[in-house]
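One structure is given below, encoded as structure tokens.
The values are calculated or read from the model by the stated rules, or taken from the named source; none is laboratory data. Just so it is clear, the structure is predicted and the values come from calculations on it, not from any experiment. Heavy atoms of the whole protein, side chains included, go into the accessibility calculation; ligands, DNA and RNA do not. Shrake-Rupley method; radii C 1.70, N 1.55, O 1.52, S 1.80 Å.
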Amino acid sequence: MRVLTAAQMRAVEERAVDTGLDYLRLMENAGSACARFIAEQAQINAESGTAVTVVCGKGKNGGDGFVIARKLFDKGAQVSVVLAMGQPAAADAQEMYTRMAALPVDVVRYDTQRELALEKLRTAQVLVDAVFGIGFYGEPNAQIAQLLEAMSASPALKIAVDMPSGVNCDVSLAPRYAFHADYTAAISTLKPAHVLYPAAALSGRVSVVRIGIPDSCYTDEEGMLFSIERESVRACFTPRAPVSNKGDYGRLLSVCGSRNMPGAAVLAATGAVAMGVGLVTAAFPEGAYAAIASKLTEPLLLPLYANREGTFAQAALPQLCSALEKASAVLIGCGLGANEDTAYLVRELLTTASCPVILDADGINIAAMHIDMLKQAKAPLILTPHPGEMARLCGCTVAEIQADRAGAARRFAREYGVTLVLKGANTVIADGRSASLLVNRTGNPGMAKGGSGDLLAGMLASLTAQGMEPLQAAAAAVYLHGLAGDAAAQRYSMCGMTPTLMAQELPLLLKDFAG
């Protein structure tokens with residue numbers, strides 16, 4: 001699904017007007033669609049008599065609010081309107097105000113009737129935020145900031161129209177004064193602040209409401225942001241041929257694990273097997289054999305020379321290279337450990353591999369210390385850093401990465417020509433070869449546990465080994481990883497779920513995607 005900036009959305013509306021729609025009709029459609037969404041969420045009907053307060057600004061978002069007030073009144077709600085900044089200024093909004101004013105709807109001005117306006121916020125069962133829309137930038141004045149804070153403090157069900165007021169729709173910042181919504185009705189399409197944290201947290205649950213703009217008015221642009229959706233993930237998979245064998249579905253070499261971190265190798269291999277790769281060869285230091293072999297049944301086991309630290313020794317290289325010749329993808333780094341021996345192996349494997357390489361965890365940490373090795377790779381390269389690893393790759397702080405996750409991912413992917421999976425809440429995926437930028441909305445905080453990233457790395461490597469293009473494989477793996485997390489949280493709880501339990505959800509989830 002497209003995620004449009006304010007400028008891109010205005011261009012869509014202009015093209016819609018060129019097709020014969022006018023701005024007044026678009027406002028009527030937007031308000032009507034939002035009113036239906038609000039009525040559904042709040043279960044508003046003629047019998048409920050729900051007390052609804054709609055807070056309207058003086059621009060087009062306020063105009064949408066006047067339509068919402070009129071439509072909810074028609075549905076049986078007890079509607080009050082708070083004018084946040086006095087009478088509307090936009091011509092379309094003025095017309096919608098006139099239409100609403102013909103109804104017995106209470107209208108209160110915040111600037112001259114402050115206490116009554118605040119009382120409307122406190123006593124509302126449903127509070128609708130239509131103060132600022134996608135055109136907001138900068139900061140509101142102190143009076144409006146106080147109003148937004150009072151709106152957020154209301155005990156009502158809080159619903160934002162298109163964008164929580166106080167949020168710049170094009171960036172991921174979350175100002176302290178901005179409205180905190182339980183739900184947001186995103187008009188026509190998602191916007192960046194709906195999907196990029198920390199701003200996304202202010203929107204609550206986001207649903208897109210359609211307002212009658214023809215599909216032909218939407219165009220794709222280079223570097224546009226897209227949300228990963230179920231149908232696009234399903235399209236990544238192809239049916240399996242009736243006559244086939246394991247060699248038809250790829251061979252993955254997993255170079256993971258160490259004496260102190262055997263579980264990383266287990267989870268990576270488990271994720272790979274669950275995603276359908278034909279054969280996994282799990283290479284690991286021989287000192288971890290007992291811990292790893294006892295947990296893996298499907299993969300081939302390749303215990304190799306270890307050093308005193310319990311990680312791979314440099315002497316493991318010949319056997320790794322031999323296994324690499326048969327692989328259709330190689331995963332490097334989960335639980336690997338970072339030292340002189342493993343750094344040597346990572347560099348040699350990167351420069352030797354002719355198949356796609358997935359670099360995770362300590363593989364990334366090693367690359368961050370020897371960043372030039374990324375440009376020496378001959379084959380497609382996929383990196384899966386968490387924010388701390390990304391900060392090491394970029395030579396900056398975690399706070400700087402988190403302040404602009406999309407920008408950081410895009411810049412790094414372009415500079416090094418890699419596919420970059422920046423993990424975290426709403427994982428961002430950038431592709432250096434196509435300028436594409438994807439964001440994932442599945443998953444939950446219960447996934448913030450050791451081993452979750454190892455599982456994802458194995459899943460991604462599995463799909464890559466089966467022949468998916470790196471960007472497709474990354475999108476599908478991240479989406480399904482989050483979906484498995486959501487399923488595990490529902491079955492067990494966010495607190496009690498584990499990466500192992502997430503892995504157990506994958507075979508059932510795949511029924512809806514891969515058959």
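How long is the gain from Tyr23 to Gln319 if the chain were fully straight, where each residue apart is worth 0.36 nm and the alpha carbon distance is subtracted?
Details: separation 296, 0.36 × 296 = 106.56 nm, distance 6.74 nm.
So the chain would gain 99.8 nm between Tyr23 and Gln319.
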- Above 12 angstrom, tally the Cα pairs of segment 448-500 and express them as a % of all pairs, no decimals. 63
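Using only helices, what value at 222 nm comes out for the chain when you add -39,500 (n - 2.57) per DSSP H run of length 4 or more and divide by the total residues, to the nearest 500 deg cm²/dmol?
When only DSSP H runs of four or more count, the value is -12500 deg cm²/dmol.
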- How big is the convex hull of the Cα atoms of segment 324-389, per residue, in Å³? 78
- Note on the structure: Residue-normalised value, i.e. accessible area per residue, for segment 95-154 at 1.4 Å probe, in Å², stands at 49
- Task: Could you work out how far the C-alpha centroid of segment 143-157 sits from that of segment 234-293, in angstrom?
- Result: 51
- the chain: radius of gyration and largest Cα-Cα distance (Dmax), Å: 26.3, 84
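Over the chain, what is the percentage of antiparallel beta bridges among all DSSP beta bridges, to the nearest 5? If you can, show how the numbers build up before the last one.
Working: 10 of 64 bridges.
So the antiparallel bridges amount to about 15 percent of the total.
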- In what sequence, largest accessible area first, do Leu509, Leu83 appear using a 1.4 Å probe? Leu509, Leu83
- Share of carbon and sulfur in the accessible heavy-atom surface of segment 118-212 [1.4 Å probe, %]: 50
- Note on the structure: Taking a straight Cα-to-Cα line shorter than 29 Å from Lys71, and setting aside same-chain lysines fewer than 8 residues away, one finds Lys58, Lys60, Lys120, Lys158, Lys191
- Query: Span-like helices, the chain: DSSP H, alpha-carbon axial extent 27 Å or more, mean Kyte-Doolittle 1.6 or greater, which ones?
  - Reply: none
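How large is the translational diffusion coefficient of segment 370-474 in µm² per second when you combine the Kirkwood radius over alpha carbon pairs with Stokes-Einstein at 4 °C and 1.567 mPa s?
On the way: Rh = 14.0 Å.
The diffusion coefficient I find is 92 µm²/s.
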- Protein chains only, probe 1.4 Å: how do Glu415, Glu221 rank by accessible area, largest first? Glu415, Glu221
- Message: Quick check: residue separation of Glu222 and Ala91 times 0.36 nm, minus the Cα distance between them. What number comes out in nm?
- Response: 43.7 nm
- Leaving out ligands and nucleic acids, note down the accessible area per residue over segment 421-487 with a 1.4 angstrom probe, in whole Å². 25
- Message: Just to verify a number: what accessible area does Phe226 come out at with the full protein assembly present, 1.4 Å probe, Å² rounded to tens?
- Response: 50
- Could you tell me the distance between the Cα centroids of segment 334-376 and segment 379-428, to the nearest Å? 16
- Reach of Lys511 by Cα under 20 Å, taken over lysines that are not fewer than 8 positions away in the same chain: Lys246
- Message: What percent of all Cα-Cα pairs in segment 227-366 falls into each 10 Å bin, going from 0 up to the bin containing the maximum distance?
- Response: 12, 42, 31, 12, 3
